Structure formats: C-alpha cells, structure tokens
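What follows draws every value from the coordinates through simple rules; no lab data is involved. Remember, predicted model here, so these are calculated numbers, not experimental data. Backbone-built Cβ (ideal geometry, glycine too); neighbour counts: all protein chains shown.
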Amino acid sequence: MLSAAFAGVLAVARTHVCYWAGRWDGQARFPKAVSLRYRSPRLDKCAAMCRSMSRMEPKRTRSSSLTDRQAMAIAIKEARAGVRQDQSPFGCAIVKGRRLVASAHNTVWQTRDSTAHAEMNAIRKVCRVLGTIDLSGCVLYTTCEPCPMCYSAAHWARIPKVVFGARIRDAQAAGFNELVIPASKMRRFSGDGIELVPEFMHDECRQLFRSWAERGNGKTC
Ligand SMILES: [Zn+2]
C-alpha cells in the first residue's frame, strides 16, 4: 500500500518535471515520458490537458525570431501591464537580430521619476543586459511615438530604427502633457538618420489610451 502511494508520488513528480521540461524547449514530452506502469485515468486526463496547453501556447520563446508584429505585441503587453499597475499606458520592446533583449513600461508614477518613460526604461535595461551603451544593432518598438527625450536617448544609444504605434498627438488628446515635437522633426533637426516606422499597429496602440482612461486614475505625465 505504502509502496503504491510512493509510486504515485513519484509519478506525479515526474509528470511535473517532464511537463515543465517540455514547456522549456517548446515541446510537450509529457505523454511519452510518463511510465505506463504508473498511469491512471487521472494522470491521463492531466496529460491531455498538458498537450492541449502546449498547443495553445505560442511557439515563440524568449530566444526565437520575432516579426515586427510580435515585437510590437510585446510592447503592447508591457503597456497593459503598466495600466494594471496604474501607470501610464506606454510600453516598449527592444529587439536585436530579431530576438527580444528587453521590454518595459512607463513607471513614472511608480518610481516618482519623470524620465521613467517606457523607452528610457527599456534602453536602460538593454544596456545592462548587453553590457554596452552602443545599441546600434537594435530596433526599438514603442506603443507611442517617442517624445523628444526618448528620441534623444535612442540617438545617444545609436539605435538605428524606431517603430511606433500611436502618435504624440494621440497621447496629447488623451490628456498627456506632451511636448508636441514629432519624431520626424527630431530626425530632421538632428540629421541622425534614425529610420522611423510610424503608426505601426496604430489602432491597437491607440486602444491603450482608452483602456487606461476606463480605469479613471487620471494620472497623466
Ligand atoms: Zn518619452
């Protein structure tokens, strides 16, 4: 009786190890890995659930190749996470060689730091991760057109390409205290040649302002 119970515990432990190992490399190994000896209807049900969860999960992992839409989706997800924490609705993801290096959302209210815009936070993270201030191989995806401060930070970091969703005027219309100097004007003034891709997934990014407004915390920055 005792050994049967022990075998059951072992099977469950093994199930979890196999499931999480499968998740780690994007495959579901669970069904093959569970010994037939310890199978039970309950474990089979669990295995079926694991298989279905594995199918539901996106194939992308942190190290896989990202499309522009996937990279922007990460930025949007960051912004939503920020909104849930009562932060302003801005998110950013920085990619190198089509792989995500870091992402961040605006934390101005959380950190009481007026410079903690999503792009600034993401650039700081990437510099830490890569151990350099030269981000010349990176692409910055941001849910809103970078303000002059963030554009300048991208310039200093030598980021060659910026993809953005909403416009500064969209943020201004939502009540944010924007410096209404478009990125295209910054580019023209500076002559730095940063490639700009405007209004990418524009509607999804503008929707963030509506989600933020619905929470009604009224904090703009
Ligand atoms: Zn900014």
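Mind ordering 163-170, 143-150, 81-88 by average Cβ neighbours within 10 Å, highest first?
Those peptides, ordered most packed to least, come out 143-150, 163-170, 81-88.
How high is the FRET efficiency between residue 156 and residue 77 when r is their beta carbon distance and R₀ equals 30 Å, given to the nearest 0.05?
About 0.70, to the nearest 0.05.
Can you grab the distance from the C-alpha centre of the stretch 150-198 to the C-alpha centre of the stretch 85-117, Å, no decimals?
15
What ³J(HN,Hα) values, in whole Hz, does the Karplus curve 6.51 cos²θ - 1.76 cosθ + 1.60 give for the stretch 135-140 when θ = phi - 60°, with x put for Gly and Pro?
Per-residue couplings from phi come out as 9, 5, x, 9, 10, 9 Hz.
Tell me which residues come under 5 Å, amide H to amide H, from residue 91 once H is placed; ignore anything under 5 positions away on its chain.
The list, which skips near neighbours in sequence, is 79, 143, 144.
I need the peptides 120-129, 206-215 ranked by packing, meaning the mean over residues of other C-beta atoms within 10 angstrom, with the highest value on top.
Ranking, from highest mean packing down: 120-129, 206-215.
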